[in-house]
Structures are given as C-alpha cells and as structure tokens.
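Step one of this worksheet: look at the structure below.
Readers should treat all values here as calculations from the given coordinates under stated rules, not as data from a laboratory. None of the values given here were measured: they were computed from a predicted structure. Reconstructed Cβ throughout: ideal geometry from the backbone, glycine too, with neighbour counts over all protein chains shown.
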Amino acid sequence: MSSKMRLASNTFYNLINTAFAGVFGLATSIIVARALGSTLLGEYSYILWLIGILTLIINAGTPMAVTKYIAEYAGKNDLTTARNIFAAILKLEITASIITSLIVASLSYHWASETLRKNLLLLSSINIIPIVLARVYYSAAAGFQKYQILVKASLITSPIQFMLIALTLFSGYSVSGLIMANIIGSTLNLFILWYFVKREFKEIPEQTSPLEISLKKRVTKYSLSVSGIILIDAIIWQKSEVFFLERFSTVEEIAFYSLAFTLGYMAMQIPAVFSSLLIPYFSEIHGQKDSKGLEIGYINSTRYLALISFPIGIGGAVISAPLIELAYGKEYLSAVIPAQMILIFNAFGAVSRASSSILYGTEEQSFILKWGSIVAIFNILLDLTMIPKYGAVGASIANSSAQMAGVVGGVIYINKEFGINYPLKAVIKVFISSIIMGIGAYIVYSTLNKYMGFASLSLTITLLLSPFLYIFTLWLIGAINAEDRKLIYTLLTRTKS
C-alpha cells in the first residue's frame, strides 16, 4: 500500500473513532449542561480544565516522542528499538503521574477556599494517573499507525462513559458524582488501550537493555523541546482563558466560554481525524529522507484540511444560535457569539496542523517554541485586557487572535525553511466555497423557520442540504481536481470490498 493510500486508510479508521467519541461527547455535554445549570457547570468546567492542564504538563512532550520515534523506527523496520523507547517513557510517566496525584491530593485543601472545590480537587487527583498513562498507550498505537486499536477502545469506552454520567445525573449525585464517573471511564479506557496494545505488539520483545546514550539524548532533547511547546500550546490552544475568567469574571462566564469552546473542539475533531495522522506520516517520510514526499504531503494535507475544516467552522457559526438554544437551552444563549468566533478561527487552526506536523516530524519544532512564546505573551495580554470587561466574549477574542498569529507564523516559516510554497490559491477557493455554503445555509434556515415555525425541523433540513450546496460550490469554483476525485473513488471502492 502506498503512503498516500495508507494515510487515507488510516483516516477512515480515525474517522470512526472520532465520530463515535464525538457523538457521545456532544451528548454528554448537553445532558451535563442541562442538569447542572450555568453556575455548577462553570465550577465543573473549571475543575476539568485544571486537571486537564496538570495531566498535559505531566505528559508534556513524551506522548509526542512515543508517536514520533515509534513511527520513525518502525519505518526503518527496527521494532526492537521502537519498543525500548516506549517502555522507557512508560516507566517515566507511571512515576510522574503517581507523584503528581499524591501532591495534588495533599495540597487540595490549600488551593481552594470553598468546600465544594476542595472536595472536587481531592477526588479529581485520582483521575490524573489513568489519563496520563492512557495517552502513552494511545501514542504508541498512533506511532505504529495501528488505528484499529483506537477504534476498538472508543467503541467500548464512549457508550459506557455516557451511561455512567447519565446514571449519575439521574441519581442526583451532581458534580461529585460526575467526577467519579470520569474516574471510572478513564480507568476503563486505560485498561482497554493497554490490553489491545499489548496483544497487538506481543511479537516485539520486551525491553532488555537501556537505550543507547546517543538515542536517549536524542529522545530527551526532542521531548524537552516539545514539552516547552506543550506549555505554550496550553496557553494558545487549550482554553487557558478559563484561568482568567475564574479570577476576573464569574463561573457563569466560565460555563458560557467552556460550552463555546466545547462546540469548537467537537466540530474540529472531524479534521483532527486527518491531522492526527500527519506526525507519524511525516516522521516516516523524514526517516526515509524523502524531501519531495514532504513537499507533496504538506501541500495535499493542507488542501484536505481546508476542504474539511472551513465548511464546518463557517457552517457551524451560521447555525450556532438555534443549535445552542435547542440543545442546551435559552440559559446558554450568551455562548452564541463566543461559539461563532471560536468555530471560525478554529477552522484556520485546524488547517495549520499540516504546518506544525511537518515541523514535529522533521525535528524542526524549535520554531514552534520560539514563535509560540511570543504568541503566548500576546494571548495573555489580550486575556488581561479583554476578559475583565467582556467575559466569555473577550476570552474568545483573545483566543482567536492568538490562534491566527500562530497560523500565519507557521506558514511563513515552512516556506522559508523548507522552500515549500503554501497552496494559497487552493485554500482561498475552499474558503470562498465555504462562505457561499454558509450564506446559503443561513438563507435556507431563515426561510424554513419563518414559514414552518419549527426550529428543529428547519435546522435538520439545513444540515442535510448544506453538504450538497458545499459540493456544488466546490465544483463551481474548481476547488476539487481530478486527483481528488480519483482518490475518493479508490477509497470508496476499497471500503465496499
């Protein structure tokens, strides 16, 4: 199988995984928001954000290193070295997660002045361990490009997690019960990933000797540089605005921003199906020293990400008001404007994943750290300026502005460092097609809702018609070429067989 076809095939596996998890994730966010109300949802969102940041810091660059080096050495057919790298990093993460969990548990009473937050932090400290370790196993499967494992884990974990949360809310256990449901779900996810990864890789011998000094230094250097990037990423891409909202605004504003961020995150999981495959893809090509393959892969992946991301972001912004009112209730209508901004600008961020992936895959990620540091400072200054006055809307402005700054810097660097021209003309065609589709969707929904009076039915019809309108505008503007049509046909043929 060619690299292009394998990338496309893995995309299908990842699509199943993401779609399944996304459906249950969106359903979970709806029932939690309706059950808790904006005040408790804000408190719950803050705890989830805090634990998420802590686990992100613990993992730092190690999951990325697992994916990158397993992919690289698997491409060289050196599976023993790949397994040794995985085993060494896993031991490190086990130790780090246990120590951090104990520290958070012991300090929880000093971090919070409110009884509810103290109890939630103490309870949530348990969840750090399974979340951290699951990311290592997830990254190993991604490195070997065995995305079937991730599909299996999602098919089992997602519905069970949803049922646990629904049962918890139905039983009236509120926020503490939700934390317990999260702990059970995270532990189950870890066990399933461990089981399938161990079974899949049983033919690879266990680590029998320490890593060679030169390789250990290389992995360590890569992990440390990525760790710095991860910290920057936590500010620019990982909802750092919650920190400032908690201090300069209200828990209700945290709820509105978190809901808007969730919608943007869920929507961009569809392009993430493709972009998450790019680091091992570029790492393998880099290991084979195929510079032409890097150029072709970058141009094609940028185009494909644009084809997927822009219609979702723009279309999502168009229907966000009726969607939020129908799904979450009128109490959350203040999340509409933040959601619209995040959806549109997240689309640009999703397209830029091609740029960051090629930098990670070729070990040129130092630029992300340098430029990201500047953008992070810019993000924080905007947070301090906008959030005290505008709350969730100000948080969205800060986040969106920082994302665009990061996107532009990455595109310029790729052109300068690799000599690869950004496919600007193709991306503009896709963007224009998406805008036309968005305008058409707005007209369709407004007209139907005006004469039918049923928002849910009007929204459903609009969602069903929008893809056809988008495909027509792509064809009209010439944004899809013959090679794209051939690839789609081949994939459909393979799927049927």
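Protection proxy ranking for 317-323, 256-262, 174-180, using the average of other Cβ atoms within 10 Å per residue and placing the highest first: 256-262, 317-323, 174-180. Scaled to the globular estimate 2.2 N^0.38 Å, the Cα spread of the stretch 3-422, given as radius of gyration, is 0.95. Applying the criteria of a DSSP loop state and at most 16 other Cβ atoms within 10 Å to the chymotrypsin sites (Phe, Trp or Tyr not before Pro) of the stretch 435-478 yields 454.
Note: relative contact order over the chain, using C-alpha pairs below 8 Å and six or more positions apart, is 19 percent.
Would you mind checking 292/425; 118/370; 68/217; 217/370; 216/239; 91/118 for any pair whose Cα atoms are more than 25 angstrom apart? Those over the limit are 118/370; 216/239; 91/118.
Using just the helices of the chain, give the 222 nm mean residue ellipticity in deg cm²/dmol: DSSP H runs with n ≥ 4 each add -39,500 (n - 2.57), and the total is spread over all residues, rounded to 500. Let's see the in-between values first.
Details: 19 runs with 429 residues, N = 497.
The helix-only estimate for the chain comes to -30000 deg cm²/dmol at 222 nm.
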